[in-house]
Protein chains: 2
Amino acid sequence: MGLAKTDLFTNQQNRVAELAKAFAHPARVAILQLLADRKACVCGDLVDELPLAQATVSQHLKELKRIGIIKGDIDPPRVCYCINEPVWDEARQLFGQVLDTFMVGQGCC
Amino acid sequence: MGLAKTDLFTNQQNRVAELAKAFAHPARVAILQLLADRKACVCGDLVDELPLAQATVSQHLKELKRIGIIKGDIDPPRVCYCINEPVWDEARQLFGQVLDTFMVGQGCC
DNA sequence: TTACTCTATCGTAATATTGCGATGTATTAA
DNA sequence: TTAATACATCGCAATATTACGATAGAGTAA
């Protein structure tokens with residue numbers, strides 16, 4: 001079963017996996033792109049841009065917030081969603097670390 | 001339900017999501033790191049390195065192969081698993097594209 | 001106050017993922 | 001031939017994810 005034996009892997013591996021989850025669904029990629037482009041920092045706009053129900057978008061936002069890659073500051077009557085810069089940078093660094101361990105052009109097979 | 005409305009998103013978004021899935025589980029991160037380090041190109045070695053049953057490792061390898069980020073060439077009595085260089089490079093480019101759309105230091109909130 | 005807007009959360013259903021034992025298949029070794 | 005090895009696949013169970021309608025809560029506008 002989908003047991004997350006998180007203690008069986010390194011902290012780096014677990015964190016990479018968690019950050020990768022943020023990008024592992026096209027809707028979340030779309031959300032992150034919209035926020036990164038800074039054209040829409042408000043959830044209402046996001047719902048308009050996405051082919052998903054409001055409840056579904058809210059759920060994705062919640063998951064992205066749990067991972068930490070976005071943050072939502074309350075500014076009634078809206079919630080301003082933004083990229084969380086430190087975590088975004090962490091993702092860039094970690095993905096870079098993993099992807100750069102392999103240098104293209106040196107296959108063994 | 002987990003419907004993958006793949007036609008509702010751009011090709012780029014769908015591909016990013018698929019490639020991210022390759023990294024969205026610590027065991028797969030570990031597998032990819034082992035292959036990228038090139039110290040183990042054979043499934044038997046991989047099973048020894050991972051805290052998972054042989055069937056489970058094989059399943060992860062199958063999924064990684066489906067995504068395309070690794071390839072398995074038969075070399076009886078073993079199967080040689082390796083990073084698939086073009087796709088690895090594609091992942092690097094796509095993640096870079098997405099992650100670089102946001103420049104740290106310009107938050108709106 | 002009431003009505004309206006915006007977003008979160010609940011409840012539910014469908015599907016996907018993860019994990020492993022058991023079994024199958026192919027090759028090698030004896 | 002039989003036995004052993006290496007890996008894939010099957011079948012099942014447990015859990016996670018995705019999606020959405022309905023509802024709740026908080027604020028604004030009238």
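The values are calculated or read from the model by the stated rules, or taken from the named source; none is laboratory data. Being a predicted model, the structure only gives us computed values, none of them experimental. For neighbour counting, all protein chains shown are included, and Cβ atoms are generated from backbone atoms with ideal geometry for every residue, glycine included.
A few points about this structure:
- Residue within the stretch A:3-17 that is at pLDDT 95 or above and under 22 Å from B:LEU8 (Cβ atoms) present: no
Each row is one residue, and each column tells you yes or no for (1) closer than 15 Å to B:ALA27 by Cα; (2) more than 7 Å from DNA strand D (Cβ to nearest atom); (3) more than 10 Å from every other protein chain (Cβ to nearest Cβ); (4) of a type in the set (A, V, I, L, M).
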site	(1), (2), (3), (4)
B:CYS43	yes, no, yes, no
B:GLN54	yes, no, yes, no
B:GLU63	yes, yes, yes, no
B:GLY68	no, yes, yes, no
B:GLY72	no, no, no, no
B:CYS80	no, yes, no, no
B:ASN84	no, yes, no, no
B:GLU90	no, yes, yes, no
B:GLY96	no, yes, no, no
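- Test: residue in the stretch B:25-34 that is touching a residue at least 60 places away in the same chain (Cβ under 8 Å) and not in a loop (DSSP other than H, G, I, E, B): no
- For the stretch A:7-20, a residue qualifies if it is at the interface with another protein chain (Cβ under 7 Å from one of its Cβ atoms), in a helix (DSSP H, G or I) and not small (Gly, Ala, Ser), and the qualifying residues are A:LEU8, A:GLN13, A:ASN14, A:VAL16.
- Residues in the stretch B:86-96 that are under 13 Å from A:ALA91 (Cα atoms) and surrounded by fewer than 19 Cβ atoms within 10 Å (Cβ to Cβ): 2 in all.
- Hits in the stretch A:21-39 (condition: farther than 19 Å from B:LEU8 by Cα and either facing chain B (nearest Cβ under 8 Å) or buried (at least 16 other Cβ atoms within 10 Å of the Cβ) (or both)): A:LYS21, A:ALA36, A:ASP37, A:ARG38
- Scanning the stretch A:40-62 for residues that are more than 6 Å from DNA strand C (Cβ to nearest atom) and hydroxyl-bearing (Ser, Thr, Tyr) returns a single hit, A:THR56.
- Failed criterion for B:PHE102 (all others in (1) over 30 Å from A:ARG38 (Cβ atoms); (2) in a loop (DSSP other than H, G, I, E, B); (3) more than 16 Å from DNA strand C (Cβ to nearest atom) hold): (1)
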